[in-house]
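Colleague: I'd like to ask you about the structure that follows.
The values are calculated or read from the model by the stated rules, or taken from the named source; none is laboratory data. Just so we're clear, the structure is a prediction, and the values are computed from it rather than from any experiment. Reconstructed Cβ throughout: ideal geometry from the backbone, glycine too, with neighbour counts over all protein chains shown.
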Amino acid sequence: MDRDYSNWQSLRNLALFLLPFIFVGWLFGIFWPLLTFALLGLVCWHYFYQQKLIKWLWQSRTLMPPSAPGSWSYIYDGIYRSQRRSQKRRKSLARLLRRFREAAEALPDAAIVFRADGALLWSNKLAQFYFGLRWPDDAGQRLSNLIRHPEFSVYLSKGQFDDALTIPSPVRDSLDIEIRIMPYSEDQFLLVARDVTQVKRLDSMRREFVANVSHELKTPLTVLQGYLEMLEEPEQTPPAMLKKAVENMNAQSDRMGNLVDQLLVLSRMETPSDDVFDHEVNVPALLEQLQTEAHRLNEQKQHKLQFNIDPIHIYGKESLLRSAMQNLITNAIRYTPEGGEIEVSWKETSGGVEFSVTDNGKGIPAQHLPRLTERFYRIDEDRNSASGGTGLGLSIVKQAVEHHNAQLDISSTPGKGSRFAFQLPHGLIKS
Ligand code: ADP
């Protein structure tokens, strides 16, 4: 409600108060003493309500003003209204600030606000985690003292923030943090930081992968090129050498074909298929086919192959299981010295159903075991040998097995042999 207290009103009130005194004073001939008395009374009245106002403003905890008559009621109400207004404004500002902070905390990035002189004004929880800041203890401290990294200090002092800066987290060695700084009000800056550890790792994996594929393709290509140069003058090449050249060229092109096939298998596996568990796989029939292939592959090495297969069908993806089982059987045949013993088994266990390939070959030194399933990882001595595969086999097995919620288990004793196994859960067995 707007209450208008005009000059006219105020004069009228003053006149209404003084008139009786003037009249009585004039009637009894005491005009001036009575007028003085009336004015003194008026001053005391104002003084009283002024004191009341001071007491209310400074000592009272309540927002409601005390009651007052006349002009003082307008003063009290006016102050009360402006207090209410500023209280409302304060509340809505606090709400806004709370919402901003909640939003900043929900950000997947770290955020820091600092002044042009480097003083820290605010930081969210993620910033405290990445940079070890303490909030609110570090408020007002210089950012270059809080985030101690030479590259960051140079970046900050240059004041050119067009490009992002990547530094390791000063408090968590394993994290790489990408920092961007943006000026956002007159002398304030917003620093946004995000964890790029994974991105960096993937990037280096990608580069390593391309380098490996190129290297793997280059080796057979160089060999082929050499023979092709020799074949440019076939009349000067002895027939025995020609025969060997063709054999070697065939072997190298097989090797390249094999590599490309395995790369295709890997890339197909990376596209997740949701129907992995929809199809019934007749594993005994699958292993029968693999057994025939294994005998063909074994012609040269003459290992004693033994297949112990339980009649268990499962739900899964046949192409993936075939890749996994085939690779493990081929490896055992390939890496076991001639006349070895290899056992392939598919058996029900307490935890589900287990596939395993056990050989009595040369075994694998312990330091290689954790890295065997990395792409292109081979034990050095095999890299250039005749048995040299692509180094992709076990990474294919690992992925195929993981698609079935299982894990590849490798145990090996140098000089005694190796065992590669994976166990599929009960839920995948077809009853
Ligand atoms: P590759 O294509 O070279 O066979 P894999 O990923 O299948 O690649 O195998 C990686 C390495 O693990 C091989 O280079 C080989 O040295 C070793 N390896 C795999 N299986 C066996 C095994 N049964 N016995 C001994 N070494 C093995």
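Colleague: With 182, 230 as the choices, which residue is surrounded by fewer than 17 Cβ atoms within 10 Å (Cβ to Cβ) and assigned to a strand (DSSP E or B)?
Modeller: Criteria check complete, one pass: 182.
Colleague: Which residue is modelled with the lowest pLDDT, if the candidates are limited to region 260-291 and must be among the polar types (S, T, N, Q) and within 42 Å of the chain's Cα centre (by Cα)?
Modeller: It comes out as 273.
Colleague: Do the conditions hold for residue 92, that is, is it among the polar types (S, T, N, Q) and modelled with pLDDT of 90 or more?
Modeller: yes
For every residue, the table says whether it meets (1) aliphatic (A, V, I, L, M); (2) assigned by TED's automatic domain parsing to the domain that holds residue 182; (3) without any contact (Cβ under 8 Å) to a residue 40 or more places away in the chain; (4) surrounded by 10 or more Cβ atoms within 10 Å (Cβ to Cβ).
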| residue | (1), (2), (3), (4) |
| --- | --- |
| 100 | no, no, yes, yes |
| 111 | yes, yes, no, yes |
| 116 | yes, yes, no, yes |
| 120 | yes, yes, yes, yes |
| 127 | yes, yes, no, yes |
| 131 | no, yes, no, yes |
| 134 | no, yes, yes, yes |
| 137 | no, yes, yes, no |
| 141 | no, yes, yes, yes |
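Colleague: Another question, if that's okay. Which pairs do you get when a residue that is over 14 Å from residue 75 (Cα atoms), found in region 37-61, comes within reach of a residue that is of a type outside the set (Phe, Trp, Tyr) and modelled with pLDDT of 90 or more, reach meaning Cβ atoms under 6 angstrom, with the pair 6+ apart or on two chains?
Modeller: If the second residue must be of a type outside the set (Phe, Trp, Tyr) and modelled with pLDDT of 90 or more, the pairs left are 38/18.
Colleague: Got a sec? Which helices (runs of 4 or more DSSP H) wholly within region 28-138 have at least 1 residues that are over 25 Å from the mean Cα position of the chain (by Cα) and of a type in the set (S, T, N, Q)? Walk me through it before giving the result.
Modeller: Working: elements: 31-58, 70-106, 125-131.
Passing ranges, in order: 31-58, 70-106.
Colleague: Sticking with this one: Touching an Asp or Glu at 6+ places or on another chain (Cβ under 7 Å), modelled with pLDDT of 90 or more and over 26 Å from residue 316 (Cβ atoms), is that true of residue 417?
Modeller: Judged against the criteria, residue 417 is a match.
Colleague: If you don't mind, another one. Could you pull out the residue among 330, 336, 358 that is surrounded by 15 or more Cβ atoms within 10 Å (Cβ to Cβ), closer than 16 Å to residue 396 by Cα and not assigned by TED's automatic domain parsing to the domain that holds residue 259? Before you say what the answer is, go through the steps one by one.
Modeller: On the way: 336 fails: closer than 16 Å to residue 396 by Cα; 358 fails: closer than 16 Å to residue 396 by Cα.
Selected residue: 330, the only one of 330, 336, 358 that is surrounded by 15 or more Cβ atoms within 10 Å (Cβ to Cβ), closer than 16 Å to residue 396 by Cα and not assigned by TED's automatic domain parsing to the domain that holds residue 259.
Colleague: What is the residue count in region 399-414 for residues that are more than 11 Å from the ligand (Cβ to nearest atom), farther than 16 Å from residue 356 by Cβ and touching a residue at least 40 places away in the same chain (Cβ under 8 Å)?
Modeller: Number of matching residues: 2.
Colleague: From (1) more than 8 Å from the ligand (Cβ to nearest atom); (2) within 25 Å of residue 300 (Cβ to Cβ), pick out the condition that doesn't hold for residue 319.
Modeller: (2)
Colleague: So, in region 353-370, of the ones that are near the ligand (Cβ under 9 Å from one of its atoms) and under 39 Å from the mean Cα position of the chain (by Cα), which residue ends up modelled with the highest pLDDT?
Modeller: 357
Colleague: Here is a further query. Within region 158-176, track down each residue that is assigned to a strand (DSSP E or B) and either under 12 Å from residue 111 (Cα atoms) or among the polar types (S, T, N, Q) (or both).
Modeller: 166
Colleague: Can I ask one more? Residue 342 fails exactly one of the following numbered conditions: (1) in contact (Cβ under 8 Å) with a residue 24 or more places away in the chain; (2) in contact with a helix residue (DSSP H, G or I) (Cβ under 9 Å, 6 or more places away or on another chain); (3) outside any strand (DSSP E or B). What is the number of that condition?
Modeller: (3)
Colleague: Exactly one of (1) free of Cβ contacts under 8 Å to residues at least 24 places away in the same chain; (2) outside the structural domain of residue 331 (by TED's automatic domain parsing) is unmet by residue 263. Its number?
Modeller: (1)
Colleague: On the basis of being farther than 30 Å from residue 211 by Cβ, more than 9 Å from the ligand (Cβ to nearest atom) and free of Cβ contacts under 8 Å to residues at least 40 places away in the same chain, does residue 350 make the cut?
Modeller: So residue 350 passes the test.
Colleague: Consider residue 345 against the criteria (1) within 15 Å of the ligand (Cβ to nearest atom); (2) crowded, with 19+ Cβ neighbours inside 10 Å: it satisfies all of them except one. Which criterion is unmet?
Modeller: Single failed check for residue 345: (2).
Colleague: Quick check on my filter: what residues within region 292-327 are more than 44 Å from the chain's Cα centre (by Cα), of a type in the set (S, T, N, Q) and surrounded by 15 or more Cβ atoms within 10 Å (Cβ to Cβ)?
Modeller: Scanning region 292-327 gives a single hit, 298.
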